[in-house]
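Reading through the structure tokens given below for one structure.
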Amino acid sequence: MFCNKCGQELFDNTNVCSNCGNQLNNFKTPGSPVESQHKVPKCTCCGYIGEWKLEPVLRTMDIIIGIILLFIGVMPGIIYISVVALIRSNKDNRAKICPQCKGRNLWTFIY
């Protein structure tokens with residue numbers, strides 16, 4: 001669970017945030033969902049809390065690889081670009097980027 005004020009990751013049975021001192025009045029009891037969980041992860045680089053940007057569907061690296069494969073043969077380049085675009089069209093398959101420091105947190109892919 002996360003603090004709903006600062007985004008610090010906390011143990012499930014915590015009543016007070018160890019980072020900011022926020023009182024968590026909706027703490028988890030057995031069998032009840034936690035309403036105060038922080039939905040957006042906190043950046044471990046700069047501490048930013050908020051909406052994160054998504055990587056574009058086709059990154060510069062993907063376009064360069066596609067162009068190189070087009071010189072080798074037309075079909076490998078087309079297949080590569082198509083498969084990458086199809087896989088990365090799902091937002092869960094793209095990295096989430098902190099808009100403040102441009103950092104990427106590994107655990108943001110899980111949540």
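The values are calculated or read from the model by the stated rules, or taken from the named source; none is laboratory data. Keep in mind the model is a prediction, meaning the values are calculated, not measured. Neighbour counts are summed over all protein chains in view; Cβ atoms, including those assigned to glycine, are modelled from backbone coordinates with ideal geometry. Surface areas here come from the heavy atoms of the whole protein model, side chains and all, with no ligands, DNA or RNA. Shrake-Rupley method; radii C 1.70, N 1.55, O 1.52, S 1.80 Å.
A few comments on the model shown:
- Filtered by the rule that a residue be β-branched (Val, Ile, Thr) and closer than 22 Å to Pro56 by Cα, the stretch 71-88 gives Ile78, Ile79, Ile81, Val83, Val84, Ile87.
- The condition (being surrounded by 16 or more Cβ atoms within 10 Å (Cβ to Cβ) and either modelled with pLDDT under 80 or at positive phi (or both)) is satisfied by just one residue among Cys98, Cys43: Cys43.
- Complete set of residues in the stretch 81-95 that are open to solvent by 60 Å² or more (accessible area, probe 1.4 Å) and over 26 Å from Gly47 (Cβ atoms): Ser82, Val83, Leu86, Ile87, Ser89, Asn90, Asn93
- Qualifying residue in the stretch 73-88 (condition: under 25 Å from the mean Cα position of the chain (by Cα) and closer than 30 Å to Glu9 by Cα): yes
- Scope the stretch 41-66; condition more than 16 Å from Glu9 (Cβ to Cβ) and not in a loop (DSSP other than H, G, I, E, B); matching residues: Lys53, Leu54, Thr60, Met61, Asp62, Ile63, Ile64, Ile65, Gly66
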